[in-house]
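A.B. asks: Sharing a structure, written as structure tokens. Questions coming.
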Amino acid sequence: MTIVALIILAVLIPPVIFDLVRRPTIRRLGLRNVSRRRGEAALVVAGSLLATALVTAAFVVGDSFGGSIRSLAETRWGPTDMIVDVDSTDQAAVAAEAISDLESADIDGVMPVSFVAVAIGAGEAGTDSRVVEPTVRLLEFDTAVGSTFGGDPSATGLADAPVEMGSDEIVLNDVVASDLGVVVGDSVEIFIGDGTIVLEVVAVLEKTGLAGIGEAIVAPGSLTGSTFAQSALSDDAVSSGVFVSNTGDVYSGADLSETVDEQIASALAGVMIDDPEISWVKSWLIEDAEFEAEDTTSLFGTISGFSVAAGVLLVINLFVMLAAERTVELGTMRAVGIRRGAIMRAFALEGAVYGAIAAVLGALVGVGVGAGVTAYASAVLPTDDVGIRLFVEPSSLVAGAAIGFAISQLTVVLTSFRTSKLNIIRALKDMPAQSHRERSWKSLVGGAVGVAAGVVLYVMAGTTPIIAMVAPVLALVSAIPLLGRLVPTRMAIIALCGAALFWTAAVFGLLPDVMDDPDISLFLAQGILLVGLAVTMVAVLERFWSRLARLGGGANVSARLGLAHPLDRPVRSALLIAMYALVIFTVTFMGVMNAVFSASTPELANQAAGSWAALVDTNNTSPFTTEELAARDDVAHAAAIRTRGVEVVEITEGLDEETFFTRAQFVDDQFLAVSPPPLTLRGDEFADDAAAWEAVVESSSVDGTKWVVMQDWSGEIPGDVITLRTPDGDDVDVTVAGVMANGWLVGSGMYLGEPLAPTLLNSVDAVWRHFLVPADGMDASALAASLNADGVERGADAAAVLDLAISETSEQEAFISMLQGYLGLGLLIGIAGLGVVLVRAVRERRRQLGMLRAVGIRSETVRGSFIVEAAFIGFQGVVLGIGLGVLSSWQTLTRSAAFEEGLTFALPYRWLAMLAVIALVASLLASLVPAIRAGRVPPASALRMTS
Amino acid sequence: MSSDEINGTAPQANALVSARGVEKTYRTGDLVVPALRGVDLDISGGEFVVVMGPSGNGKSTLLNCLSGLDEIDGGTVLIDGNDIHEMSDRARTTHRAKRMGFVFQSFNLIPVLSAVENAELPMLAAGAKPKESRDRAMDLLSRVGLADRSGHRPAELSGGEQQRVAIARALVTDPAVVWADEPTGNLDSATAASVLELFHEVNRAGQTMVVVTHDREIGASADRLIEVRDGLIAADTRPSSVTAEASTEGPVR
Ligand SMILES: Nc1ncnc2c1ncn2[C@@H]1O[C@H](COP(=O)(O)OP(=O)(O)OP(=O)(O)O)[C@@H](O)[C@H]1O
Ligand SMILES: [Mg+2]
């Protein structure tokens, strides 16, 4: 995009500079027009800068998202670049030693660490001061080693940590300390199994670096050694690993990840640890940041594409008006022998001055808009640790300005090309340009080529979504001159544009396979096509409208004048209507999407968990048991869900073997006590969903087919076979019995039968997740609340599935509403555009207005005519925008594979009515200033004006 | 009664238009242009008054001020006995719609309306019914010889035809006075002659006309010829009248 803009500028700007420096005549013509009417020039600049501002804002928002996550990457992991997962504390020590022994120049820190999630309590039991934090990340490592870990001691977050810690001491970070309400010297209780261990807080550290990863830190040997050994902490509850710091700063260190990975693997192979799991924690987070930044920029860029398209139409309109206003002048210039090229170049020069000023101002305004969006985002987006802050890369300013400048300059050059082709005689008499029907062979050939191109494109590349959408439209529209030979052109346009409109609106449903994973830019293309086609059809119906207008508004002078102007200039009006409709289209689309998401919330919950209404997680140090839960009065059913990672073997195209871990849920027949999640696809051998689920829970490791249920996004279908690898290195084939839609809400991945767990997992220790159905008359949210209260010391974290779905959709809604707010700016473009165009119309029609006042037309009648004109444009824009927005959102949300199945379509009627009213009122407001100005035109002096 | 009763400065209550001491000064920045410097003038019903004089001497200004298109800086203008400059803008506008017609040098038709729509505009503005306005406008278009062009837009008409539409528009409300500022300035002599003939025809039917022009021929054909020089009325004669002795020599004031 930026590159294209720079190329356009590289082609268009040098000639302008040449003229500016070396061609005084052209310079004079161009620059005088700028300075002649400063007010008008300011309007043109104001109109053009809006597009630049939106583009720049999109970049700035991307910068902010990326920058915020990147800054998180810089602090969250502190010096830690990689984490090597090992099986036990002993193995961690061995591995750490082996890595240290490498004495690699790429590694500047190695430290064995153990980890466990525990509940920590403080304050006296039974009093108000009692606080329990259910899940705290507790790390065990040597603070003396930790504080020198990596090259930069301040980055470790351990500068103020005690060098030596006793086994009855603990260090907390400031966040946990303040949650617990403790200071140095207080004691805290750690809950393990049935017992508690009391430790003294010896330091409170700022949450950064290692003190960020570890919310609490204890001395080596504490978890595995004497203190906790007496308690019921099983070995499996503790994870062990080695933290590795790469040489260099945040980025150069992360860049070494691949090299260091190889070194670590070879070192560990030497101590018989094969195939270790090495996480490139920092480098992954940085990658995420970059991805997120790009993603956000492209999302906002595409969404703002609608507003930018509206902005382009505005710029075209402004320059067409500018040229129209000067028809007589231009005609005179041509008559006295100034060449067409010179007129074009003067125009281009003038446009470049406006464009350059607008680009600079627009980029600045864009930063302001971006800052606003960022502030709003940080307020509405639930981003755990990431606080979204404003970041502005200088390159974004340059890119925004360049794109805005390129758009306006391209518009100017194309417009000037058209206007310079004027007929001198007609121009001198200030007559409208003749609309000559192009019935020549040229239009026929052009049409035929267009049809052929459309067909060829579709045949050759019809599987590319954008081509599949656009090629048939190209063919249909190109066929207009051909069909126009047989039937009246008007009819040809209506028929073919209508067909193209239908295609564009329905394409997601008509070609579900092609449109299965659409890019967001596809929606942009769809919106622009729909609006363009619809506006063309409306413009063609102009004669029909005029007749209607004459019937309705014949007696009313305001209505007659107000309608006569837009109807007389169908192209200009169409541009304005399209501008308005585009913006309203997008806002409508987003609004409907929002409504659909919130209407679909209950279905989302059902898809994720079937009739299971709540779930509860506990620490693996002291989990709830199924019996204990089932015995509760407020629980009707409980099912244990063993969630762990399983290793999947994949044969790549090069016949290489690749393995990765995927999340798995092991379930037994408890899970079938109520309806499990519905399946969207199911193998033919199963009569119903229940049968398929039964086959899953009964799959034994001994014989028969081992059935699993997969998630929709995995792309697997019933009958597919997946190979899993056991910890012993054996392979087990499982077969897909069915596919469910939306498990990600409560843990995605594969559903397997509990009988397979011992084969596929290292150990089958306690299960720490349960699905629940509340007892009759009990509300799932209330059940979750009481479980959280009862299980706080065991790290209970319960929630109603519906509440999870609601918070999930509200997150989406917050994001969409943020986009909507951003689009509101597009509406501003529409209003500003309409206002600017009407203000210019007042000037263009000044003489006429003077005459109207002279023959006795009152100023309120004149004012009324401008309001009618704006309302006429606004009304059509609103009707087309909302109509097409609803049509297209209905099509894409319910008929396409792009969105999850089972979305409940809902129209936000009140919201849409509000949008319509606001947009209409806005168009009236836009006409206020021009209307007042028009009403004030003094007849005598206006009539003196020579055209 | 006749205009030879003009004497002194008392406004004539029975004159259609009666101006006393009308002053108009244009100010643009430091530049002060006294365009009218105290004009007295009475126009009776049915007169065909031609205003002539060198360029830049205040003819158009006089016409604008007498008709109430422009504000004045001093004096009074009575039309039908009412002081138009005392009226609110709204009342004056309505008064214009009902009682005055205008014809301009550059036709000034609304380009997006057809001939008949242009012609009926003042009637609609004055509050007449659409049907009545349309019939009346069609009548007038046929009177100016354009019955068959009523549906055409201004751009589709010749200059002379456009001016005739403008005349139809000026006459449509059956006004007390028709003000015309160089109505033939943009027309060739043959077309100009036909427009002039049209003026005389409506004047013969009783219509009061005030025409500003540079055209000697129009001047010669007038009932009454007023010469404006330097913001004052320099001569007021009756070239085609048998009662030529009634003319006054020299400035009135
Ligand atoms: N709006 C204005 N601002 C300043 N001066 C003005 C304005 N309108 C007219 N004048 C000046 O007032 C004087 C009278 O102008 P007016 O148009 O009445 O002359 P005129 O006799 O109609 O001339 P012409 O025969 O050329 O039309 C002129 O000197 C003119 O320059
Ligand atoms: Mg004049």
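A.B. asks: Within the range B:5-37, restricting attention to residues that are modelled with pLDDT under 90 and under 18 Å from the mean Cα position of the chain (by Cα), which residue is nearest to B:I79 (Cα to Cα)?
C.D. replies: Among those that are modelled with pLDDT under 90 and under 18 Å from the mean Cα position of the chain (by Cα), it is B:L16.
A.B. asks: What is the number of the single condition among (1) away from ligand 1 (no atom under 13 Å from the Cβ); (2) outside any strand (DSSP E or B) that B:D40 does not meet?
C.D. replies: Only one criterion is unmet by B:D40, namely (2).
A.B. asks: Among the listed residues B:L78, B:L62, identify the single one that is assigned to a strand (DSSP E or B) and either farther than 21 Å from B:S221 by Cβ or within 14 Å of another protein chain (Cβ to nearest Cβ) (or both).
C.D. replies: Going through B:L78, B:L62 in turn, the sole match is B:L78.
A.B. asks: Of the residues that sit in the range B:214-230 and are in a strand (DSSP E or B) and either within 14 Å of chain A (Cβ to nearest Cβ) or in contact with an Asp or Glu (Cβ under 8 Å, 6 or more places away or on another chain) (or both), which one is farthest from ligand 1 (Cβ to nearest atom)?
C.D. replies: B:R224
A.B. asks: Run down B:E132, B:E71 and say which single residue is away from ligand 1 (no atom under 16 Å from the Cβ), over 16 Å from B:M209 (Cα atoms) and acidic (D, E).
C.D. replies: After ruling out the rest, the residue left standing is B:E132.
A.B. asks: OK, next. Pairs, please: C-beta under 6 Å, at least 6 apart or cross-chain, first residue within 9 Å of another protein chain (Cβ to nearest Cβ) and in the range B:85-105, second surrounded by 15 or more Cβ atoms within 10 Å (Cβ to Cβ) and part of a strand (DSSP E or B)?
C.D. replies: Within 6 Å, the pairs are B:M100/B:V177; B:G101/B:V178; B:F102/B:W179; B:F104/B:D181.
A.B. asks: Residue under question is B:G185, and the condition is that it be at pLDDT below 90, of a type in the set (G, A, S) and under 28 Å from B:I72 (Cβ atoms); does it hold?
C.D. replies: The answer is yes for B:G185.
A.B. asks: Please go through the range B:188-213 and give me each residue that is part of a loop (DSSP other than H, G, I, E, B) and within 16 Å of ligand 2 (Cβ to nearest atom), ordered by number.
C.D. replies: B:T213
A.B. asks: Look through A:A595, A:A581, A:A630, A:A605 and report the one residue that is assigned to a helix (DSSP H, G or I), out of contact with any Gly (no Cβ under 9 Å at 6 or more places or on another chain) and surrounded by 24 or more Cβ atoms within 10 Å (Cβ to Cβ).
C.D. replies: Testing whether each residue is assigned to a helix (DSSP H, G or I), out of contact with any Gly (no Cβ under 9 Å at 6 or more places or on another chain) and surrounded by 24 or more Cβ atoms within 10 Å (Cβ to Cβ) leaves just A:A605.
A.B. asks: Hey, another quick one. Do you know which of the residues in the range A:162-215 that are in contact with a Lys or Arg (Cβ under 7 Å, 6 or more places away or on another chain) and small (G, A, S) is modelled with the highest pLDDT?
C.D. replies: Looking at residues that are in contact with a Lys or Arg (Cβ under 7 Å, 6 or more places away or on another chain) and small (G, A, S), I get A:G214.
A.B. asks: Aliphatic (A, V, I, L, M), within 13 Å of another protein chain (Cβ to nearest Cβ) and free of Cβ contacts under 8 Å to residues at least 40 places away in the same chain, is that true of B:A119? Steps first, answer last, please.
C.D. replies: Working: aliphatic (A, V, I, L, M): yes; within 13 Å of another protein chain (Cβ to nearest Cβ): yes; free of Cβ contacts under 8 Å to residues at least 40 places away in the same chain: no.
So B:A119 fails the test.
A.B. asks: Take the range A:536-570 and flag every residue that is closer than 24 Å to A:L501 by Cα, in a helix (DSSP H, G or I), at pLDDT below 85 and more than 14 Å from chain B (Cβ to nearest Cβ).
C.D. replies: Within the range A:536-570, A:A539, A:V540, A:F544 qualify.
A.B. asks: Can you pull out the residues in the range B:214-225 that are within 16 Å of ligand 2 (Cβ to nearest atom) and closer than 10 Å to B:V50 by Cβ? Spell out how you get there, then give the answer.
C.D. replies: Step one: of the range B:214-225, the residues within 16 Å of ligand 2 (Cβ to nearest atom) are B:214-215, B:218-219.
B:D215, B:I218, B:G219 - these are the residues of the range B:214-225 that are within 16 Å of ligand 2 (Cβ to nearest atom) and closer than 10 Å to B:V50 by Cβ.
A.B. asks: Right, here's the next one. With (1) basic (K, R); (2) touching an Asp or Glu at 6+ places or on another chain (Cβ under 7 Å); (3) not in a helix (DSSP H, G or I) as the list, and A:R389 as the residue in question, which single condition is left unmet?
C.D. replies: Here A:R389 clears every test but (2).
A.B. asks: Continuing with the same structure: Taking the stated definitions as given, is B:S114 more than 18 Å from the chain's Cα centre (by Cα), of a type in the set (S, T, Y) and within 12 Å of another protein chain (Cβ to nearest Cβ)?
C.D. replies: Against the criterion (more than 18 Å from the chain's Cα centre (by Cα), of a type in the set (S, T, Y) and within 12 Å of another protein chain (Cβ to nearest Cβ)), B:S114 qualifies.
A.B. asks: Mind listing whichever residues of the range B:155-182 are in contact with a Phe, Trp or Tyr (Cβ under 8 Å, 6 or more places away or on another chain) and either assigned to a strand (DSSP E or B) or among the aromatic types (F, W, Y) (or both)?
C.D. replies: Of everything in the range B:155-182, those that are in contact with a Phe, Trp or Tyr (Cβ under 8 Å, 6 or more places away or on another chain) and either assigned to a strand (DSSP E or B) or among the aromatic types (F, W, Y) (or both) turn out to be B:V178, B:W179, B:A180, B:D181.
A.B. asks: A further question on this structure: What pairs come up if the first residue lies in the range A:846-873 and is within 11 Å of another protein chain (Cβ to nearest Cβ) and surrounded by fewer than 24 Cβ atoms within 10 Å (Cβ to Cβ), the second is assigned to a loop (DSSP other than H, G, I, E, B) and among the polar types (S, T, N, Q), and their beta carbons are under 9 Å apart, counting only those six or more places apart or on different chains?
C.D. replies: Cβ pairs passing all conditions: A:R847/A:T946; A:R847/A:S947; A:R847/B:S106; A:R847/B:N108; A:Q848/B:N108; A:G850/B:N108; A:T861/A:N556.
A.B. asks: Go through the range B:166-185 and count every residue that is of a type outside the set (S, T, N, Q) and more than 16 Å from ligand 2 (Cβ to nearest atom). Spell out how you get there, then give the answer.
C.D. replies: Restricting attention to the range B:166-185, the residues satisfying the condition of being of a type outside the set (S, T, N, Q) are B:166-172, B:174-183, B:185.
Applying the additional criterion that residues be more than 16 Å from ligand 2 (Cβ to nearest atom) yields B:166-172, B:174-178.
Of the residues in the range B:166-185, 12 are of a type outside the set (S, T, N, Q) and more than 16 Å from ligand 2 (Cβ to nearest atom).
A.B. asks: Could you look through the range B:25-59, keep only residues that are within 15 Å of ligand 2 (Cβ to nearest atom) and within 12 Å of another protein chain (Cβ to nearest Cβ), and pick out the one that is surrounded by the most Cβ atoms within 10 Å (Cβ to Cβ)?
C.D. replies: The residue in question is B:A35.
A.B. asks: Can you tell which of A:A358, A:A377, A:A363 is surrounded by 18 or more Cβ atoms within 10 Å (Cβ to Cβ), modelled with pLDDT under 80 and within 25 Å of A:L823 (Cα to Cα)?
C.D. replies: Details: A:A358 fails: modelled with pLDDT under 80; A:A363 fails: modelled with pLDDT under 80.
Residue meeting the stated conditions: A:A377.
A.B. asks: I've got another one for you. List the number of the failed condition for A:A92; all other conditions in (1) part of a helix (DSSP H, G or I); (2) touching a helix residue (DSSP H, G or I) at 6+ places or on another chain (Cβ under 7 Å) hold.
C.D. replies: (2)
The values are calculated or read from the model by the stated rules, or taken from the named source; none is laboratory data. Everything quoted here is computed from the prediction, not taken from an experiment. Positions of Cβ are backbone-derived with ideal geometry, glycine not excepted, and every protein chain shown enters the neighbour counts.
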